[in-house]
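What follows is a set of notes on a single structure, which appears directly below.
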Amino acid sequence: MKDSFTPRRVGYAVVALLAVFAAGTVGFHSALDEGWFQALYRTVVTTSLAGLDTVPRTNSARVISIVLVLAGLTIFAYIATILVEGIAGGVLTGALAERRRRRKIERLRDHYIICGYGRVGRRVAAEFREDGIDYVVLDFSPDAIEHAREHGDLFVEGTGTEDEDLMETGLERARGLVASSDSDADNLYITLSARATRPDLLIVARASDEDAARKLRLAGADRVVQPYSTAGKEMAKLVLRPQVAAFLDIMSTSGGTELRFEEIEVDPTCEHAGKSIRELRVREQTGAMIVALRKSDGTFDTTPSPEAALEPGDVMIAAGTPEELRRLEELFAPREAVA
């Protein structure tokens, strides 16, 4: 629905009204031999349907009055139509957009929630958007909401410190949550609320310092990121080991080289679970390379040998092109249940 309340249409109505006033003033001045101001007054009260102090004395003046009344009815009806269409159009469009957005959020499964849409939250969203990952933004700032609208993000206007707002983002169906508010207290509360509702949820939180990071871990955050500390470490790497940093940056940056990192869990129902890397000939079959293994007990094997067994619950950290990683995922796909 197009917005009917446009400056051009309002301008047409104003010009028509001024033209009627001018014509009526000239007409009454000539027909009744009245002064210009009295003729203008008579024109205004006639056109606006406010009535007349006296009935015009001559038939020509009465005809002018009839024409002004009809013109006034037409113009004011036109103005009323513009106003009603503009108001109704805005309300209906906004209501429909709100309903569509809520329905899309309700249909999401295994998505991510970004609580706090400042500089960090927007960077996270940009990475998700680049990789085609579903996510919902939760923020109350008008600037954040406007930014979300401009980028076509699904969003809920509210705060992560309110359980109702978190539930509106589809918390019970989400895969993970990013607490990226500028406030450590808000991130702590968000983490506590989300962990209490979803003990299995992956939670990554932002912290301003080590003390806040420690509290966030105690509250249930799986990973805590300190932007200032991370930035300092990255700058040090660029100075001390520039080529290593450049290589890692190229591999981890979306939209760069074809080489990607991915994590793939060995499902217990997979037919290859329990076999070794050499036995499966992973590199030959898929082209991807397993660079690390996270064992089911939480320990890491950072240099897995060809004899390393891929047990159920292990998570492979693999490197390769998107196509190679897809083949690796297919190799370890869960076995479909036989009906």
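The values are calculated or read from the model by the stated rules, or taken from the named source; none is laboratory data. In this text the structure is predicted, and so the values were computed from the model without any measurement. Cβ placement follows ideal geometry from the backbone for every residue including glycine, while neighbour counts extend to all protein chains displayed. When the accessible area is computed, the model is the full protein with side chains, heavy atoms only, and any ligands, DNA or RNA have been set aside. Shrake-Rupley method; radii C 1.70, N 1.55, O 1.52, S 1.80 Å.
At a glance:
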quantity	calculated
Selection count where residues are in contact (Cβ under 8 Å) with a residue 12 or more places away in the chain and in a loop (DSSP other than H, G, I, E, B), scope region 152-171	7
Condition met for residue 149 (in contact with a strand residue (DSSP E or B) (Cβ under 8 Å, 6 or more places away or on another chain) and open to solvent by 50 Å² or more (accessible area, probe 1.4 Å))	yes
Scan of region 263-293 for residues that are of a type in the set (A, V, I, L, M, F, W, C) and part of a strand (DSSP E or B), ordered by number	264, 289, 290, 291, 292, 293
Set 170, 176: member being at pLDDT 90 or above, within 16 Å of residue 104 (Cα to Cα) and among the small types (Gly, Ala, Ser)	170
Qualifying residue in region 120-142 (condition: in contact with a Cys (Cβ under 6 Å, 6 or more places away or on another chain) and either assigned to a helix (DSSP H, G or I) or modelled with pLDDT of 95 or more (or both))	yes
Test: residue in region 124-143 that is open to solvent by 10 Å² or more (accessible area, probe 1.4 Å), of a type in the set (Lys, Arg), farther than 23 Å from residue 215 by Cβ and more than 16 Å from the chain's Cα centre (by Cα)	no
The lone exception for residue 283 - which of (1) farther than 26 Å from residue 127 by Cβ; (2) touching a residue at least 24 places away in the same chain (Cβ under 8 Å); (3) in contact with a strand residue (DSSP E or B) (Cβ under 8 Å, 6 or more places away or on another chain) it fails	(2)
Some residue of region 323-336 being outside any helix (DSSP H, G or I), open to solvent by 40 Å² or more (accessible area, probe 1.4 Å), among the aromatic types (Phe, Trp, Tyr) and out of contact with any helix residue (DSSP H, G or I) (no Cβ under 6 Å at 6 or more places or on another chain)	no
The listed residue being farther than 29 Å from residue 332 by Cβ, modelled with pLDDT of 90 or more and among the charged types (D, E, K, R), out of 281, 217, 241, 223	217
Residue that is farthest from residue 270 (Cα to Cα) [pool: residues in region 297-329 that are without any contact (Cβ under 8 Å) to a residue 40 or more places away in the chain and within 34 Å of the chain's Cα centre (by Cα)]	323
Within region 294-313, tally of residues that are exposed (fewer than 13 other Cβ atoms within 10 Å of the Cβ) and in a strand (DSSP E or B)	1
Options 169, 161: the member that is open to solvent by 30 Å² or more (accessible area, probe 1.4 Å) and over 16 Å from residue 119 (Cα atoms)	161
For residue 316: the one exception among (1) out of contact with any helix residue (DSSP H, G or I) (no Cβ under 7 Å at 6 or more places or on another chain); (2) surrounded by fewer than 16 Cβ atoms within 10 Å (Cβ to Cβ)	(2)
